[in-house]
Amino acid sequence: MTDNLLEQEAQRLYKSLGQITRPDGQKYSLAYCKKLAPLTSQINELKKQKNALILTHYYCAPEIIFGVSDEIGDSYGLSKKAAQASQDILIFCGVSFMAQTAKLVNPSKKVFLPPTYAGCSLAQSITPKEVEDLRKKYPLAQFICYINSTAEVKALCDICVTSANVFDIVAASPSKQIVFLPDIFMAQNIEAFLKAKGIDKEIIAAGGTCCVHDKYTLKDIEVIKQKYPQAKIICHPECRKEVCQASDFCGSTSAMLKYVNESSAAIFAVLSERGIIAVLEQQNPTKTFLPTGRTCAQMKLNKLEDILEILKDDTSVPEVKVDDIIAQQALKSINAMFKGAKK
Ligand code: SF4
């Protein structure tokens, strides 16, 4: 690639990334973008040659999101994009359960996760055996799993949900008794939501918590309100119930983006992964975002260098695979979600 083309690529990156704060507190300078340009330009060129699609979760690094991605989104949006993809290769920048979901919804494609394996504290919090035991204990319950679960767990549940559709799907459940897994805090938030709507359901929670969102406490909210009384506080439903209830807005990642983009407020405290704050900064250059983001270390395992390796030689990296029988069962719960979701 000529110096001229690399300069153009650096300018393109700077235009997209210049507003964003890096994890070290610095902005993406033009000098930093010049360092990224050789990598992003090679990836973008090879992506066309190999007929590959790069899907990236909002929590990944901004240079992946704005440098090389074709689709960016939350779990729900990306699972729909993966299902519709016509390319031969899907490179999913996220964590393992997301890449697995892409393989489930579009099994004929070669699917890759750049770090090969990236865990999620929620997906790892429950085993198939524990779900089987719950099935025996609650034979009449509908089993609803959050998308942050393994294919094996999805295969044992009736319907899958994401934070973008969980409240609607649970409210519309034909069953009075629901086992919701593997996010205990989200289960508590659903219970509060249903109670406020006067909907009578018994929610049995199982699993664990998101190790990023579970760190926010009411104390954080008190400190923000004291120092920045005019700030709007927004959070994700993976946060504790009391945090969600004390916030100005609680919603999925895409709902948070919509809320901020449509809000006339000037200052926001976003209680979520810092990647979403980078996207908000990029989309809202006149608004201020307090440094309240936390880091999901597993999401940050996705690197430009590894994306390039996959594109250079996809036989050198293991593909994401799911056992056929588990895939068939897990797909049923995902398709039930697509059918039940309003959008
Ligand atoms: S932010 Fe939480 S829920 Fe999302 S991948 Fe990381 S650990 Fe899992």
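Which residue out of Lys219, Lys195, Lys227 is at pLDDT below 95 and more than 17 Å from the chain's Cα centre (by Cα)?
Of the residues listed, the single one that is at pLDDT below 95 and more than 17 Å from the chain's Cα centre (by Cα) is Lys195.
Kindly list, by first and then second residue, each pair from a residue in segment 293-313 that is away from the ligand (no atom under 16 Å from the Cβ) to a residue that is among the small types (Gly, Ala, Ser), limited to pairs with Cβ atoms under 9 Å and residues at least 6 apart or on different chains.
Pairs that qualify, where the first residue is away from the ligand (no atom under 16 Å from the Cβ) and the partner is among the small types (Gly, Ala, Ser), are Lys303/Ala61; Leu304/Ala61; Leu304/Gly67; Glu309/Ser316; Ile310/Ala52; Ile310/Ser316; Leu311/Ala52.
Given the residues Ser86, Ser79, Ser108, Ser75, which is the only one that is buried (at least 21 other Cβ atoms within 10 Å of the Cβ) and more than 23 Å from Val270 (Cα to Cα)?
Going through Ser86, Ser79, Ser108, Ser75 in turn, the sole match is Ser79.
Could you please find all residues in segment 273-327 being of a type in the set (Asp, Glu) and either within 22 Å of Tyr259 (Cβ to Cβ) or assigned to a helix (DSSP H, G or I) (or both)?
Passing the criteria: Glu273, Glu281, Glu305, Asp306, Glu309, Asp314, Asp324.
Just to be sure before I move on: is Ala196 closer than 20 Å to Ser173 by Cα and in contact (Cβ under 8 Å) with a residue 60 or more places away in the chain in the structure I sent?
Taking the combined requirement at face value, the residue does not satisfy it.
For segment 12-56, what are the residues that are farther than 30 Å from Ala82 by Cα, assigned to a helix (DSSP H, G or I) and free of Cβ contacts under 8 Å to residues at least 24 places away in the same chain?
Within segment 12-56, Leu30, Ala31, Tyr32, Lys35 qualify.
Asp220 is checked against (1) part of a helix (DSSP H, G or I); (2) without any contact (Cβ under 8 Å) to a residue 12 or more places away in the chain; (3) not hydrophobic (A, V, I, L, M, F, W, C) and fails just one. What number does that condition carry?
With (1) part of a helix (DSSP H, G or I); (2) without any contact (Cβ under 8 Å) to a residue 12 or more places away in the chain; (3) not hydrophobic (A, V, I, L, M, F, W, C) applied to Asp220, the lone miss is (2).
Give the number of residues within segment 192-214 that are away from the ligand (no atom under 16 Å from the Cβ) and over 15 Å from Cys145 (Cα atoms).
11
Yes or no, residue by residue, for (1) over 18 Å from Leu90 (Cα atoms); (2) not assigned by TED's automatic domain parsing to the domain that holds Gly77:
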site	(1), (2)
Lys303	no, no
Asp306	no, no
Glu309	no, no
Lys312	no, no
Asp324	yes, yes
Ala327	no, yes
Ala330	yes, yes
Ala336	yes, yes
Ala341	yes, yes
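Can you name every residue in segment 165-184 that is within 18 Å of the chain's Cα centre (by Cα), of a type outside the set (Asp, Glu) and buried (at least 24 other Cβ atoms within 10 Å of the Cβ)?
Val166, Leu181, Pro182 - these are the residues of segment 165-184 that are within 18 Å of the chain's Cα centre (by Cα), of a type outside the set (Asp, Glu) and buried (at least 24 other Cβ atoms within 10 Å of the Cβ).
Among what's in segment 136-166 and is charged (D, E, K, R) and out of contact with any strand residue (DSSP E or B) (no Cβ under 7 Å at 6 or more places or on another chain), pick the residue that is nearest to the ligand (Cβ to nearest atom).
Filtering segment 136-166 for residues that are charged (D, E, K, R) and out of contact with any strand residue (DSSP E or B) (no Cβ under 7 Å at 6 or more places or on another chain), the one nearest to the ligand (Cβ to nearest atom) comes out as Glu152.
Quick check on segment 289-310. Is at least one of its residues more than 15 Å from His236 (Cβ to Cβ) and in contact with a Lys or Arg (Cβ under 8 Å, 6 or more places away or on another chain)?
Taking every residue of segment 289-310 in turn, none turns out to be more than 15 Å from His236 (Cβ to Cβ) and in contact with a Lys or Arg (Cβ under 8 Å, 6 or more places away or on another chain).
Take the residues of segment 172-186 that are hydrophobic (A, V, I, L, M, F, W, C) and within 14 Å of the ligand (Cβ to nearest atom): which is nearest to Ser252 (Cα to Cα)?
Met186
I'd like to verify a number: residues in segment 215-250 that are of a type in the set (Asp, Glu) and within 14 Å of the ligand (Cβ to nearest atom), how many?
Going through segment 215-250 one residue at a time, the tally reaches 1.
Go through segment 261-272 and report how many residues are touching a strand residue (DSSP E or B) at 6+ places or on another chain (Cβ under 6 Å) and either within 15 Å of the ligand (Cβ to nearest atom) or in a helix (DSSP H, G or I) (or both).
Number of matching residues: 2.
So, of the residues in segment 285-323 that are in contact with a Pro (Cβ under 9 Å, 6 or more places away or on another chain) and surrounded by fewer than 16 Cβ atoms within 10 Å (Cβ to Cβ), which turns out to be farthest from Ala155 (Cα to Cα)?
Glu305
The values are calculated or read from the model by the stated rules, or taken from the named source; none is laboratory data. None of these values were measured; they are calculated from a predicted model. Because the Cβ atoms are built from the backbone with ideal geometry, glycine has one as well, and the counts that use them run over all protein chains shown.
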